[in-house]
Amino acid sequence: MRLEKSEDLDNVYKLFGVCAHHCSNIEYSVAFLLHPVKWEKHRVNLKRKNQETQNTRDIKEWTAKMSKFDEALDNVNQDIDSLDRMTLGQLINQIKDNYPYQKNRKNI
């Protein structure tokens, strides 16, 4: 089957492009909302490793601890980068899990 070029078909393709663009923006925005959650998840571990590194006086030991701190930072970056590979549904589930929604109910 061959589709003939028409103005209606051109309009459909234009609307499809606009919809794809909006969906991409929504995915990006939702993923960006989850960045603070991912940092918070790793915050305690990063803070502890940073404190251990700062309390070290021996250069070899400091280098080893700094390497472990860098690995922990890499884990955070990998966790955040994983958001870019999630579907919109997976991102929405992450939002639901990390940002609980409480509805205000008033008796009328």
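The values are calculated or read from the model by the stated rules, or taken from the named source; none is laboratory data. The shown structure was predicted, so the numbers you read here are calculated from the model rather than taken from an experiment. All Cβ positions, glycine included, derive from the backbone under ideal geometry; neighbour counts span all protein chains shown. For accessibility, only protein heavy atoms count, side chains too; no ligands or nucleic acids. Shrake-Rupley method; radii C 1.70, N 1.55, O 1.52, S 1.80 Å.
Numerical summary
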| quantity | calculated |
| --- | --- |
| Residue identified as out of contact with any Gly (no Cβ under 9 Å at 6 or more places or on another chain), open to solvent by 100 Å² or more (accessible area, probe 1.4 Å) and either assigned to a helix (DSSP H, G or I) or in contact (Cβ under 8 Å) with a residue 24 or more places away in the chain (or both) among LYS65, LYS38, LYS47 | LYS47 |
| Unique residue being of a type in the set (Gly, Ala, Ser) and exposed (fewer than 10 other Cβ atoms within 10 Å of the Cβ) when the list is SER24, SER6 | SER6 |
| In the stretch 74-92, the residues that are part of a helix (DSSP H, G or I), under 9 Å from the mean Cα position of the chain (by Cα) and not charged (D, E, K, R) | ILE80, SER82, LEU83, LEU91 |
| Filter result for PHE32 (without any contact (Cβ under 8 Å) to a residue 24 or more places away in the chain, in contact with a Leu (Cβ under 9 Å, 6 or more places away or on another chain) and not aliphatic (A, V, I, L, M)) | yes |
| Residue check, CYS19 loosely packed, with under 12 Cβ neighbours inside 10 Å, touching a residue at least 40 places away in the same chain (Cβ under 8 Å) and either more than 20 Å from ASN98 (Cα to Cα) or not charged (D, E, K, R) (or both) | no |
| Per-region count, the stretch 53-81, residues over 25 Å from HIS35 (Cα atoms) and among the charged types (D, E, K, R) | 5 |
| Residues located in the stretch 50-62, provided they are open to solvent by 80 Å² or more (accessible area, probe 1.4 Å) and assigned to a helix (DSSP H, G or I) | GLN51, GLN54, ILE59, LYS60, GLU61, TRP62 |
| Verdict on TYR101 being in a loop (DSSP other than H, G, I, E, B) and either free of Cβ contacts under 8 Å to residues at least 24 places away in the same chain or open to solvent by less than 90 Å² (accessible area, probe 1.4 Å) (or both) | yes |
